[in-house]
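Novice: Here it is: the structure, laid out below.
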Amino acid sequence: MTKTAVVTGGVGGIGSAICEELARKGFTVVAGYHPAEEDNALKRVKEWQDAGLAISVLPFDVTNFAECAAAAQKIEADYGPVGALVNCAGITRDKTLKKMGEDDWHAVIDVDLNSLFNVTKHYIEGMTERGYGRIVNISSVNGKKGQFGQTNYSAAKAGVHGFTMALAQETARKGVTVNSVSPGYVETSMTGAIPADISTQIIAGIPMGRMAQPDEIAYVVGFLCDERAGYVTGANISVNGGMFTSF
Ligand code: CAA
């Protein structure tokens, strides 16, 4: 196995917690971030250096196939073969369908779903040839249950798990596991943008009565990236405080 990990959306709320979890598990981590997130990335780099964590950052746009290819080449040249890939980059553009513009639809599908193809494509051959890999795709409770105001996001996040199940079958005999994690509402800037009255109603509907902390999601991603989790593939693990249950 190889201990290099790539996390897209790696300087965001959940993504940065995942980078930290993987670094503590002994991975050398590369946190991918959108070029427009430079300030946030520099802030994270400083925090990670101060904490002595082996996490570096690299800008690339997950909606741009060629940029993702160049990033993958650079990462493998600088840090060696990638053993774990976490697709965590995501955005919301919440609007009822009646008010949703074409740009709101395409932006969310591009970042939250098309990115899985753009990024994963550049690691899959190496992983299957080496006979080892861990891929974790971040979906959402709202991809499972749907959410008022999120036709774009719910469609993309449901698609994330479709991609996961199909790729898991393609790689199962090659030592590569592919799983998705569906967080519920997590305390990040994304949920911070929900109007306060709606947020209060949402929390009232969560059996645990609170949002998750990012490290509660990261712990599960870390488990799936562990070498010993080798028989778990094609799974979707909910981490949602009981908000939506299914089997
Ligand atoms: N169910 C049914 N009806 C609802 C409703 C609901 N959940 N919420 C609002 N409505 C009704 C309102 O009562 C209102 O009814 P009337 O027209 O009869 O008065 C109507 O719908 C409002 O419709 P609008 O199109 O005018 O909605 P809006 O512009 O006021 O707000 C919204 C729409 C911006 C999507 C707002 O509802 C919202 O922010 N919702 C939260 C969406 C959400 O949960 N986002 C999650 C973000 S975090 C994330 O995505 C991470 C993750 O993975 C969990």
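Novice: To the nearest 20 Debye, how big is the dipole of the chain about its Cα centre, given +1 on the beta carbon of each Lys and Arg and -1 on that of each Asp and Glu?
Specialist: Here the chain has a charge dipole of around 660 debye.
Novice: Connecting C-alpha atoms closer than 10 Å in a GNM of the chain, tell me which of LYS95, LYS145, LYS46 has the biggest fluctuation.
Specialist: Residue with maximal mean-square fluctuation among LYS95, LYS145, LYS46: LYS46.
Novice: In terms of the Cα gyration tensor, with a ≥ b ≥ c the square roots of its eigenvalues, is the range 179-242 rounded because a/c is under 1.5, prolate because a/b exceeds b/c, or oblate?
Specialist: On the way: a/c = 3.07, a/b = 2.42, b/c = 1.27.
Prolate shape, in that a/c is at least 1.5 and a/b is the bigger ratio.
Novice: Right, next: Where the centroid of each part is defined by its Cα atoms, how far is the range 141-179 from the range 33-106 in Å?
Specialist: The range 141-179 and the range 33-106 have Cα centres spaced 19 Å from each other.
Novice: Now for a different question. For the Cα atoms of the chain, what angle does the longest principal axis make with the long axis of helix 214-225, in degrees from 0 to 90, nearest 10?
Specialist: Rounded to the nearest ten degrees, it is 40.
Novice: So, one more: Where does each of ARG44, ARG130 land when they are ordered by accessible area, with a 1.4 Å probe and the largest first? Provide the component values of the computation, followed by the final result.
Specialist: On the way: ARG44 40, ARG130 100 Å².
Solvent-accessible surface, decreasing: ARG130, ARG44.
Novice: Determine the shape class of the range 55-137: with a ≥ b ≥ c the square roots of the Cα gyration tensor eigenvalues, call it rounded for a/c under 1.5, and otherwise prolate if a/b is greater than b/c, oblate otherwise. Spell out each step's value before the answer.
Specialist: Details: a/c = 2.79, a/b = 2.28, b/c = 1.22.
In terms of gyration-tensor shape, prolate.
Novice: If I take every Cα pair under 8 Å that is 6 or more residues apart in the range 120-169, average their sequence separation and divide by the length, what percent do I get for the relative contact order?
Specialist: Averaging sequence separation for qualifying contacts and normalising by length gives 31 percent for the range 120-169.
Novice: In whole percent, what relative contact order does the chain give with Cα contacts below 8 Å and a gap of six or more residues?
Specialist: Across the chain, relative contact order equals 20 percent.
Novice: Once a ≥ b ≥ c are taken as the square roots of the eigenvalues of the Cα gyration tensor of the range 124-247, is the result rounded (a/c under 1.5), prolate (a/b larger than b/c) or oblate (a/b not larger than b/c)?
Specialist: Taking the square roots of the gyration eigenvalues as a ≥ b ≥ c, the range 124-247 is prolate.
Novice: Stick to Cα atoms and the Kirkwood definition of Rh, then tell me Rg/Rh for the chain.
Specialist: In the chain, Rg relative to Rh is 0.95.
Novice: Let me ask another. 222 nm [θ] for the chain, helices only, -39500 (n - 2.57) per DSSP H run of 4+, per residue, to 500?
Specialist: Computed ellipticity for the chain at 222 nm equals -14500 deg cm²/dmol.
Novice: Rounding to the nearest 10 and keeping the result within 0 to 90°, find how far the Cα-based axis of helix 151-171 lies from the longest principal axis of the chain.
Specialist: 30 degrees
Novice: Mind checking the angle between helix 38-51 and the chain's longest principal axis? C-alpha axes, 0 to 90 degrees, to the nearest 10.
Specialist: Once rounded, the angle reads 60 degrees.
The values are calculated or read from the model by the stated rules, or taken from the named source; none is laboratory data. Since the model is a prediction, treat every value here as computed from it, not as a measurement. Neighbour counts run over all protein chains shown; Cβ positions are idealised from the backbone, glycine included. The protein model used for the area step is the full one, side chains on, heavy atoms only, and it has no ligands, DNA or RNA in it. Shrake-Rupley method; radii C 1.70, N 1.55, O 1.52, S 1.80 Å.
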